[in-house]
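Take this structure first; my questions come after.
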Amino acid sequence: MIIRNATILSFQDLSRQSGVEVHIAEGRIREIGQNLPNESEELIDASGMYLIPGLVNLHSHTAMTLLRGAAEDMNAERWFNEYVWIYERSLQPEDVYVGTLLGTDGPLQRY
């Protein structure tokens with residue numbers, strides 16, 4: 001697949017580059033440039049569109065499912081300082097795994 005005429009935003013240096021082409025094969029970006037040879041039958045005209053890196057959230061509090069209901073009815077500062085952070089310090093890796101299982105829809109693979 002070739003995506004043509006895209007405008008790319010770079011979050012590294014906050015630059016913008018217009019008229020860019022992106023070659024994608026086997027689900028991966030293979031080349032980014034201009035005037036790429038089109039060996040693909042699939043062509044997307046991205047004129048007037050932006051291409052940005054995927055936004056992936058790698059930060060999660062799913063394991064904190066274990067602390068639901070702990071110390072209700074208080075302000076956030078007291079809740080964190082007097083309860084949550086104290087509980088978190090005591091969690092073991094197995095606790096985090098089980099808490100994450102409770103907070104997800106499916107099985108997790110252990111690493």
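The values are calculated or read from the model by the stated rules, or taken from the named source; none is laboratory data. Remember, it's a predicted structure, so these values are computed and weren't measured experimentally. Glycine also receives a Cβ, built like all others from the backbone with ideal geometry; neighbour counts cover every protein chain displayed. To get the accessible areas, we keep the full protein, side chains included, count just its heavy atoms, and leave off ligands, DNA and RNA. Shrake-Rupley method; radii C 1.70, N 1.55, O 1.52, S 1.80 Å.
Taking θ as phi - 60°, what are the ³J(HN,Hα) couplings along the range 85-98 by the Karplus curve (6.51, -1.76, 1.60), each to the nearest whole Hz, with x for Gly and Pro?
Along the range 85-98, the couplings run 5, 5, 5, 4, 4, 8, 5, 9, x, 5, 4, 4, 4, 5 Hz.
Can you work out the accessible area per residue across the chain, with the rest of the protein chains kept in place, probe 1.4 Å, in square angstrom?
Details: 8980 Å² over 111 residues.
I get 81 Å² per residue for this part.
Let me ask another. Just going by the charge dipole of the chain, with Lys and Arg at +1 and Asp and Glu at -1 on Cβ, which of Phe80, Ser40, Ile29 is farthest out on the positive end?
Farthest towards the positive pole: Phe80.
Rg over Rh of the chain, using C-alpha atoms and the Kirkwood radius, what does it come to?
Values: Rg = 22.8 Å, Rh = 18.4 Å.
Radius of gyration relative to Kirkwood radius: 1.24.
How many percent of the accessible area of the chain is carbon or sulfur, using a 1.4 Å probe? Walk me through the numbers before you get to the answer.
Details: 4580 of 8980 Å².
On the chain, the fraction of accessible area on carbon and sulfur atoms equals 51 percent.
Next up: Using a basic spin-label model with each label point 7 Å from the Cα along Cα→Cβ, how many nm lie between Arg68 and Ser10?
4.5
Quote the FRET efficiency, to the nearest 0.05, computed for His59 versus Ile24 with a Förster distance R0 of 25 Å and r equal to the Cβ-Cβ distance.
On the way: r = 27 Å, r/R0 = 1.09.
Using R0 = 25 Å, I get an efficiency of 0.35.
Additional query: Find the relative contact order for the chain and round it to a whole percent, using C-alpha pairs within less than 8 Å whose residues are 6+ positions apart. Write down the numbers at each step before the final one.
Details: 133 pairs, mean separation 26.3, N = 111.
Over the chain, the number comes to 24 percent.
So, with +1 on the Cβ of K and R and -1 on the Cβ of D and E, and no other charges, what is the size of the charge dipole of the range 19-59 about its Cα centre, to the nearest 20 debye? It would help to have the intermediate numbers written out before the result.
Working: 2 positive and 7 negative charges, 52 e Å.
Charge dipole, the range 19-59, about its Cα centre: 260 debye, nearest 20.
If the only charges are +1 at each Lys and Arg Cβ and -1 at each Asp and Glu Cβ, what is the size of the charge dipole of the chain around the Cα centre, to the nearest 20 debye?
On the way: 8 positive and 16 negative charges, 33 e Å.
That gives the chain a dipole magnitude of about 160 debye.
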